[in-house]
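Working notes, structure below.
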Amino acid sequence: ALALHPGSVEELYELLETLGSGHFGVVRRCRRRSTGVFYAAKFIKTRRGRGSRRGLERAQVEREVGILRDLQHPNIMRLHDLFASKSQMVLVLELMRGGELFDFIAEKEMLSEEEAIGFLAQILRGVQYLHARHIAHFDLKPENIMLQDKDVPEPQIKIIDFGLAQKLEDGVTFKSLCGTPQYIAPEVINYEPLSSATDMWSIGVITYILLSGLSPFQGETDAETLSNVLDGAYEFEEHHFSQTSEMAKDFIRQLLVKEPRERMTASECLVHPWIKPL
Ligand SMILES: Cc1ccc2c(c1)c1c3c(c(C)cc1n2CCCN)C(=O)NC3=O
């Protein structure tokens, strides 16, 4: 069980360099003093009162922790330790030395279909595990897919950042305008009920990017991107997709579908002929 340490994280961990920062706060590499094992420490500033603008609502962070602490899957980020003070929370997480899938693709420009399938099968198994527990991530994108090590033939990945994740209580239509324009599904923009199918649209966008290095709906501005998403306006540009198999295109077509109910589920993706032969 996960203890909520009242003391300071520095009593148990030596804090090292900053690995990244974002809307949530700062992530630093750290080393557990008693074992010498390295971890990632995510520092989240929590609001003093409802008034202040800085930091996140404490309840929101507690929701993320509540979701993370019960998850146990090789492709989902594991929460090791938790520290809370009145103005910040510190999540101690597994260290993913390989960094973001986003940077991995940027370095390689694009991946072979075999490499893409290798990553997607892991992402789909993690998402299948979440959806089976009625949890949706709602912010799936290459920045939130981390690699254990990148200099190995088949890098192991984990899904991180459950800051926007939700438990999908049956019947509760969860609506929230969140996520990143390039990856969000039409129903998010139309403020319609969200579901696990919302994650599957994002996986369609991620697949398109893995195979081509291009983002299917990205426009000059966020507004243009959002309208491209609403129009479902994307194409397999000949120049970037001439070498791509028909099965890969079919896989993407069955995810970038406007009607959420018509999209493949994670389980259906895992038996799609493009992925299955694995
Ligand atoms: C080597 C490296 C570099 C940047 C990292 C991480 C690791 C990292 C990690 C985590 C999070 C939530 C954010 C992280 N970031 C920030 C960027 C994440 N999109 C995490 O949970 N484990 C990490 O290793």
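Numbers at a glance
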item	result
Among the listed pairs Lys108/Lys276; Lys42/Lys258; Lys108/Lys158; Lys42/Lys249; Lys42/Lys276; Lys45/Lys108, those beyond 30 Å (Cα-Cα)	Lys42/Lys258; Lys42/Lys249; Lys42/Lys276; Lys45/Lys108
Sorted peptide list for 200-211, 18-29, criterion being average Cβ within 10 angstrom, highest first	200-211, 18-29
Among 102-111, 37-46, the order from most to least packed when residues are scored by Cβ within 10 Å on average	37-46, 102-111
Ranked packing of 233-243, 187-197, most packed first, by mean Cβ within 10 Å	187-197, 233-243
Cα gyration tensor shape for the stretch 189-278, rounded if a/c is under 1.5, else prolate or oblate	oblate
For the chain: accessible area per residue (Å², 1.4 Å)	49 Å²
Rounded percent of accessible protein surface that carbon and sulfur make up, the stretch 153-278, 1.4 Å probe	51 percent
Accessible surface of the stretch 8-145 [probe 1.4 Å, protein heavy atoms]: carbon and sulfur percent	49 percent
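The values are calculated or read from the model by the stated rules, or taken from the named source; none is laboratory data. Please read these numbers as outputs of a predicted model, since none were measured by experiment. So basically every Cβ, Gly included, is an ideal-geometry build from the backbone, and we count neighbours across all protein chains shown. Accessible surface is based on the protein model in full, side chains and every heavy atom, while ligands, DNA and RNA are left aside. Shrake-Rupley method; radii C 1.70, N 1.55, O 1.52, S 1.80 Å.
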